[in-house]
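The values are calculated or read from the model by the stated rules, or taken from the named source; none is laboratory data. Just so it is clear, the model here is predicted, and its values are computed rather than measured. As a convention, Cβ positions derive from the backbone with ideal geometry for all residues, glycine included, and neighbour counts pool all protein chains shown.
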Amino acid sequence: MDIESRIDLVRQVGEEILTQDELRALFESKKSPIAYDGFEPSGNVHIAQGVLRAINVNKMVRSGCKFKMWVADWFGWMNNKMGGDLDKIRVTGNYMIEVWKSTGMDVDNVEFLWAKDVMADDEYWKKVVMIARSSTVPRILRCAQIMGRTETETLTAAQVFYPCMQAADIFHLKADIAQLGMDQRKVNILAREVAPKLNLPKPVAVHHHMLMGLSEPPKNAADATEKSIAMKMSKSNPNSAIFMTDSPEEISKKIGHAYCPAKVVVENPIMEYCKYIVFEKQKTLEIKRPTKFGGDLVMNGYKELETAYFEGNIHPMDLKNAVSFSLSSILEPTRKHFEKNKKAKELLEQVKSFQVTR
């Protein structure tokens, strides 16, 4: 694959790339750069964490990257996920890996690494302290978004130290590309800022889109990044998210109640599902309609759908019905995996029994 094709794949992942010139230089100098993403094991997996993450990781792998997935169990512990119970966090991490196996992530070309396995390494902690010494407390507090927190919240000392550790992860994993969500951009920028001070290679940052929740978006966000974070799908509001093992009936009910204003294609979660998931997994979308309303339609790509919906040629409920059917089909392999695979089923039952904490 030529460099332009490789860059195009990364562009499909990155809503923001810091910077494209650096990405080009990286591909020119390195055949198989290392990309990484990390996740706090924090409960039942929704479709953005499951299907969308698999889509993005697979594109990074196809671009020629070696991908490292960082299972941030200690970070979840520090951030009080699963009630701060490290054993439950680790069970949840194994469950999430099973989800990705079921949803088509190219796990043969993804290396899963656990944070717990490096915590005894002096070199890791040396990097953490170097970053802390090179940063002010206010600068670190501006990274609170990465934990789902705000600068004004009362944070524990562990949470204050968390961004220094996450920035250190990038260097310790020797990641050339930090490929995380837009909600993680502040810590990636921190890593890019401190890298020259510490004589470490500056990572390219590739920030993927945060899939909207199904509720109406907030109107009072201070900036685009804050709004994106506020709108993103969340486990804390189960009705605003499609989970990977939701039944067809649950999917239909949630989509049926979702925010989907007629003729509106921006900040419309149903349209987002079409753009980022449905048309990534299938070439067409069939809209079933009564003959008196024009009969069935077949959309051959997102742009065609966007135009038809914007012009009022598709009713919101007809679109919702089509998306419900497609999502149910897309999630069917995962439902079957967790029904038939004994290990996966046990992990899911355990996770469902845990209390999810913010």
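Checking each residue in the range 62-96 for being under 23 Å from Val10 (Cα atoms) and either under 17 Å from the mean Cα position of the chain (by Cα) or crowded, with 22+ Cβ neighbours inside 10 Å (or both) picks out Ser63, Cys65, Phe67, Lys68, Met69, Trp70, Val71. Here Met210 qualifies as assigned to a loop (DSSP other than H, G, I, E, B) and either within 18 Å of the chain's Cα centre (by Cα) or buried (at least 23 other Cβ atoms within 10 Å of the Cβ) (or both). The C-beta contact set for the range 36-57 (first residue more than 20 Å from Tyr276 (Cβ to Cβ), second residue modelled with pLDDT under 95 and among the small types (Gly, Ala, Ser), distance under 7 angstrom, 6+ apart or interchain) comprises Gly38/Ala72; Glu40/Ala72; Glu40/Gly76; Pro41/Gly76; Pro41/Gly93; Ser42/Gly76. Ser328 passes every criterion in (1) at pLDDT 95 or above; (2) crowded, with 17+ Cβ neighbours inside 10 Å; (3) within 19 Å of Val91 (Cα to Cα) apart from (3). The helices (runs of 4 or more DSSP H) found entirely in the range 261-358 that carry 3 or more residues being within 24 Å of the chain's Cα centre (by Cα) and touching a residue at least 60 places away in the same chain (Cβ under 8 Å) are 316-340, 342-353. Output yes when any residue across the range 7-30 is farther than 17 Å from Ala178 by Cα and in contact with a Phe, Trp or Tyr (Cβ under 7 Å, 6 or more places away or on another chain), and no when none is. Scanning the range 7-30 turns up no residue that is farther than 17 Å from Ala178 by Cα and in contact with a Phe, Trp or Tyr (Cβ under 7 Å, 6 or more places away or on another chain). I'm trying to understand the selection: among the residues of the range 1-28, which are over 20 Å from His209 (Cβ atoms) and among the acidic types (Asp, Glu)? Correct list: Asp2, Glu4, Asp21, Glu22, Glu28. Taking the range 55-106 as the range and being over 27 Å from Ser329 (Cα atoms) and in contact with a strand residue (DSSP E or B) (Cβ under 7 Å, 6 or more places away or on another chain) as the test, the residues that pass are Cys65, Lys66, Phe67, Lys68, Trp70, Val71, Ala72, Asp73.
Within the range 66-79, the set of residues being in contact (Cβ under 8 Å) with a residue 24 or more places away in the chain and either touching a helix residue (DSSP H, G or I) at 6+ places or on another chain (Cβ under 8 Å) or among the polar types (S, T, N, Q) (or both) comprises Lys66, Phe67, Met69, Trp70, Val71, Ala72, Asp73, Trp74, Phe75, Gly76, Met78, Asn79.
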